[in-house]
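Report on the following structure.
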Amino acid sequence: MLIQEAMDIQEKLKILSDAAKYDVACTSSGVSRNGKKNGLGNTYASGICHSFSADGRCISLLKILFTNQCIYDCKYCINRRSNDVVRTAFTPEEVCTLTMEFYRRNYIEGLFLSSGILYSPDYTMNLLYHTLYRLRNVCGFNGYIHVKAIPGADPELLRQVGFLADRMSTNLELPTAEGLRRLAPGKTREKILQPMRLVQRGIVQQDQMRLEYGKSSFSGTRGVAGGEAGNAAKAETGKRSFVPAGQSTQMIVGATPESDYQMIRVAEALYRNYDLKRVFYSAFVRVNDDSSLPALPGGPPLLREHRLYQADWLLRFYGFQAEELLSEDRPNFNVLLDPKCDWALRHLELFPVEINRADYKTLLRVPGLGVKSARRILAARRSARLDFGDLKKLGVVLKRAVYFITCSGKTMYPFQIEENYIAAQLVGEERRKAWEIEYHESFRQLSLFEDNRIWAPVTREDAAAVITGSL
Amino acid sequence: MTVFVCGREPEDIFCGIYDAWMSRLGHDHVRLEFEGCDRELFCEYRQVETTAEKAGKVTDSIRKKISQEVYEASYKAALSREKDRADKLYRFLVYAFWAGNRVMDMLQIPAVNEVFSMNRHLNRELDHMLGFTRFSQTKEGVLFSEIAPENDLVVLMASHFADRMPMENWMIYDCKRNKAAVHRAGGGWGIVRAEKSQWQTRLHKEKEEEMFERLWKTFHQTIAIKERENEACQKNHLPLRYRSYMTEWNR
Ligand code: SF4
């Protein structure tokens, strides 16, 4: 295969961003870092969205492949060996120039560098290492960097890259070993999980080292990597923090027949066993005409992807377990109800919940109440007894919550707490939303996310990402 | 009713609050208004003089007697687009000095809620602006940006970019309010009042600039997944009013 290196940078950018776009992660979140005296850039824990593409997804990072050349032949991938497409590669200098110049103009929050496998995992990882090394140490770039950990690459190389990056990711892509065997010959689960484990260990080691230096480095509002303890640990480990924004991964939704239950079980296990920051779900887009891939006449399964994000949210922030949401007998999410409403309807015996008394955990389980609403309720009820009018003033969205709460023992208006009645009310609203997601219409806010942060800035990136499924 | 008439900048507003409070006429008998508002019969009008000392006294006592958090919320309220922000901030502070930092949780109180809403609107816009603002390189070595926010954000944006781009010369010009934040490479920044004509004739786009603008537009287009196209969703997140200042929308 001929790699065209002499191509002009405009053309390269076109090819190598086009080839990178199916990786849905584009967040610049997870780490706060102040600017540096002689450098360029800082980072924000909540991330910043810089633009939105025609598919409505947030653009935060310059998302590119180093090269679209690849020795593998994953069936679902546009860059697979057997595809006849123009191949090219950036030079490290080109990647640096694009990143620095885009950043100075405030187009981007940083770089997301991925790559096809050129010659070997080590060779490729080395290229990524040199690019990041240059960007950090020659160009003085201090903004956000997300980089792929290439399965099979030398652990020491991965470690070195980890000290230059903010976030690393290895994509699981398919949730089961069987799925991988069918669609990603040459990859195995073990191979994919290995770099994840290495990065996890690196992060744990660093945290322990920080603890030994006494003061917790997590006390400051800005700077997970800040503080004296952090600096001491950094000096020990080669100046920078190791993957301070943590790791993420991605699973493709709908390329193989796994159920939603299987997907969220895997996600849950990854959060538990690998300390992942995020699992991303990417509705399958059929880019290759291949008999082993499902035909999707209705387009990518966006509603299913949306439900998985909602469920993922419940696992991470609402104290739910995968088994509470789905089971072997009920392996897929309800098309008409979001996972939290669905759960609540099956547990009406736990409702209604009294707003002036219920604890935080209980409030979180009420459909329509988010983390911020719940916190706001707890804070406000310290100085007054709350009624429904007060809840509205607090910015609590009552549309769904009203069927599940009381204020001083009363529901907002009289109705029967009965499954069919409430389901009918909830479904009416949800059906419209579901339809809009399926048919690419606009829908304003994801139910679980309706309340924005109170005094602090709203994290647009997160809000946007939940909706578009690119969190 | 005694009306204290002040200017529109945060320092002016804090001085207005100082004068109204120190007049000891009672909170119910005073009101804050901006210069140029309609005057009513039966009201006494007093002009507020802005001094650094008075403004400093108010901000210091908010910080020391209440909290940094309340100070930040107050400062942002003073930068809000809300026409009646001076008086609304006054009403909020009456509660804040009584309740202390707890006031931040008392959203059910109307005076608190007003300032909360103003903050929310401002924060949301600030968040947008920090991402959507675009700079272009000029021959004169200055990164230049033009903005037209609804709230008076330039100060808040300047502190963000000063941390982010300490080694660059840059300028953020608010064309609605005719003022700019100007930052010197390796140095500090300040706010200057400047009519558009003052900088327009002096700054010229760098030749290379077009190449980077083209590259960015290319990226912006190719990164979208055709099968997921969703214009309405895009419009929701990136409202049209921002687009005239953004490189990728200038065809
Ligand atoms: S390894 Fe597989 S998924 Fe990755 S670029 Fe190569 S073919 Fe595509």
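The values are calculated or read from the model by the stated rules, or taken from the named source; none is laboratory data. It should be emphasised that the depicted structure is a prediction, and the values quoted were computed from it without experimental measurement. When we count neighbours, we look across all protein chains shown, and the Cβ atoms used for this are built from the backbone with ideal geometry, even at glycine.
Which one of these does A:Glu93 not meet: (1) under 25 Å from the mean Cα position of the chain (by Cα); (2) of a type in the set (D, E, K, R); (3) more than 14 Å from chain B (Cβ to nearest Cβ)?
All conditions pass for A:Glu93, except number (1).
Would you confirm, using the coordinates I've provided, whether A:Leu113 is within 16 Å of the ligand (Cβ to nearest atom) and within 19 Å of the chain's Cα centre (by Cα)? Break it down stepwise before answering.
Details: within 16 Å of the ligand (Cβ to nearest atom): yes; within 19 Å of the chain's Cα centre (by Cα): yes.
For A:Leu113, the condition - within 16 Å of the ligand (Cβ to nearest atom) and within 19 Å of the chain's Cα centre (by Cα) - is met.
Suppose we keep only residues that are away from the ligand (no atom under 16 Å from the Cβ) and either closer than 17 Å to B:Arg228 by Cβ or surrounded by fewer than 23 Cβ atoms within 10 Å (Cβ to Cβ) (or both) within the range A:14-30. Which one would you say is modelled with the lowest pLDDT? Step through it out loud before you land on a result.
Let us first name the residues in the range A:14-30 that are away from the ligand (no atom under 16 Å from the Cβ), namely A:14, A:26-30.
Subset that is either closer than 17 Å to B:Arg228 by Cβ or surrounded by fewer than 23 Cβ atoms within 10 Å (Cβ to Cβ) (or both): A:14, A:26.
Numbers: A:Lys14: 96, A:Cys26: 81.
In this case the residue turns out to be A:Cys26.
Does the range B:214-227 contain any residue that is more than 7 Å from chain A (Cβ to nearest Cβ), under 22 Å from the mean Cα position of the chain (by Cα) and at pLDDT 90 or above? Spell out the reasoning first.
Of all residues in the range B:214-227, those more than 7 Å from chain A (Cβ to nearest Cβ) come to B:217, B:221, B:226.
Now narrow it down to the ones that are under 22 Å from the mean Cα position of the chain (by Cα): none.
No, the conditions are met nowhere in the range B:214-227.
Please count how many residues of the range A:240-256 are more than 21 Å from A:Asp166 (Cα to Cα), part of a loop (DSSP other than H, G, I, E, B) and not polar (S, T, N, Q).
Count: 2.
So which of A:Tyr281, A:Tyr271, A:Tyr309, A:Tyr261 ends up being closer than 19 Å to A:Thr170 by Cβ, of a type in the set (Phe, Trp, Tyr) and in a helix (DSSP H, G or I)? Step through it out loud before you land on a result.
Numbers: A:Tyr281 fails: in a helix (DSSP H, G or I); A:Tyr309 fails: closer than 19 Å to A:Thr170 by Cβ; A:Tyr261 fails: closer than 19 Å to A:Thr170 by Cβ.
Only one candidate passes the filter, namely A:Tyr271.
What are the residues in the range B:108-118 that are buried (at least 22 other Cβ atoms within 10 Å of the Cβ) and at the interface with chain A (Cβ under 9 Å from one of its Cβ atoms), if any?
Scanning the range B:108-118 gives a single hit, B:Phe116.
Got at least one residue in the range A:94-105 being modelled with pLDDT of 95 or more and among the aromatic types (Phe, Trp, Tyr)?
Among the residues of the range A:94-105, at least one is modelled with pLDDT of 95 or more and among the aromatic types (Phe, Trp, Tyr), which makes the answer yes.
Modelled with pLDDT under 90 and surrounded by fewer than 17 Cβ atoms within 10 Å (Cβ to Cβ): does that describe A:Ala229?
Numbers: modelled with pLDDT under 90: yes; surrounded by fewer than 17 Cβ atoms within 10 Å (Cβ to Cβ): no.
In short, no.
Restricting the range A:99-117 to residues that are β-branched (Val, Ile, Thr) and in contact with a Ser or Thr (Cβ under 8 Å, 6 or more places away or on another chain), which is nearest to B:Ser136 (Cα to Cα)? Write out each step before concluding.
The first filter runs over the range A:99-117 and keeps only residues β-branched (Val, Ile, Thr), leaving A:99, A:108, A:117.
Subsequent filtering for residues that are in contact with a Ser or Thr (Cβ under 8 Å, 6 or more places away or on another chain) retains A:108, A:117.
Values: A:Ile108: 14, A:Ile117: 36 Å.
It comes out as A:Ile108.
Determine whether A:Leu378 is among the aliphatic types (A, V, I, L, M), surrounded by fewer than 18 Cβ atoms within 10 Å (Cβ to Cβ) and under 16 Å from A:Glu419 (Cβ atoms). Quick ask: steps written out before the conclusion?
Details: among the aliphatic types (A, V, I, L, M): yes; surrounded by fewer than 18 Cβ atoms within 10 Å (Cβ to Cβ): yes; under 16 Å from A:Glu419 (Cβ atoms): no.
So A:Leu378 fails the test.
If I ask for residues that are surrounded by fewer than 24 Cβ atoms within 10 Å (Cβ to Cβ) and either more than 7 Å from every other protein chain (Cβ to nearest Cβ) or touching a residue at least 40 places away in the same chain (Cβ under 8 Å) (or both), which ones from the range A:42-56 would you list? Walk me through how you get there before you give the answer.
Initial filter on the range A:42-56 (surrounded by fewer than 24 Cβ atoms within 10 Å (Cβ to Cβ)): A:42, A:44-46, A:54-55.
Matches in the range A:42-56: A:Asn42, A:Tyr44, A:Ala45, A:Ser46, A:Asp55.
Which residue out of A:Leu193, A:Leu180, A:Leu174 is modelled with pLDDT under 95 and surrounded by 24 or more Cβ atoms within 10 Å (Cβ to Cβ)? Break it down into steps so the answer makes sense when it comes.
Details: A:Leu193 fails: surrounded by 24 or more Cβ atoms within 10 Å (Cβ to Cβ); A:Leu180 fails: surrounded by 24 or more Cβ atoms within 10 Å (Cβ to Cβ).
Residue meeting the stated conditions: A:Leu174.
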